[in-house]
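Structure, as structure tokens:
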Amino acid sequence: MGEFRFETAGGAGGDGAGEEELRALYDWLRADRALRGGARFTPVRGAEPGRMGPGLEAVLALISTGLAFPQLLLSVDAWRQSRREARPRIVVIGPDADQVAALRQALGLPEADPAEERSAGEPPSGEPPAGEPPAGEPPAEPSRERS
């Protein structure tokens with residue numbers, strides 16, 4: 001069905017509070033009995049400067065059935081509503097822009113901020129896809145070798 005990556009709004013590797021929120025989301029999703037058998041969750045760890053070990057930078061959700069997708073929406077929404085302080089801002093990244101938009105809308109998340117949101121396989125914001133010139137620059141002319 002699809003793979004979705006949840007990060008805190010500050011981006012990968014953010015502050016300790018973001019890591020704590022991601023850990024809470026990961027624990028919440030793994031404990032949801034309605035998602036068992038239809039989804040797998042994996043913590044994504046990344047190196048952080050000034051830290052001895054890798055920190056939690058994202059939660060990866062692999063949805064294997066169409067029935068698990070609506071339950072994922074319900075579970076993430078319930079987790080956000082359960083947070084005592086302000087609801088955490090999360091970033092959703094997935095292979096299908098329409099599915100990501102549906103997930104954001106169902107969760108009541110604001111429209112995607114281009115600096116935070118991207119589809120899976122796209123480079124982080126500010127970087128052009130491989131082989132493409134940076135924004136505002138004309139494409140390079142093909143090289144013409146003379147023999």
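The values are calculated or read from the model by the stated rules, or taken from the named source; none is laboratory data. Here the structure is a predicted model, which is why all the values come from computation and not from measurement. When we count neighbours, we look across all protein chains shown, and the Cβ atoms used for this are built from the backbone with ideal geometry, even at glycine. What goes into the accessible areas is simple: the full protein's heavy atoms, side chains included, and nothing from ligands, DNA or RNA. Shrake-Rupley method; radii C 1.70, N 1.55, O 1.52, S 1.80 Å.
What to note about this one:
- Between ASP77 and ALA17, the modelled labels are 2.6 nm apart [label points 7 Å from Cα along Cα→Cβ].
- Global geometry of segment 59-108, whether rounded, prolate or oblate, following the gyration tensor of its Cα atoms and the 1.5 cut on a/c: prolate
- Remark: segment 52-110 carries 52 Å² of accessible area per residue (probe radius 1.4 Å; ligands, DNA and RNA excluded).
- Between ARG36 and LEU67, the modelled labels are 1.5 nm apart [label points 7 Å from Cα along Cα→Cβ].
- Extending 7 Å from Cα along the Cβ direction at ASP96 and again at GLU111 yields two label points whose distance is 2.3 nm.
- Of the whole protein surface, THR42 contributes about 70 Å² of accessible area at a 1.4 Å probe radius.
- Formal net charge of residues neighbouring GLN71 (Cβ-Cβ distance under 12 Å; K, R +1; D, E -1): 0
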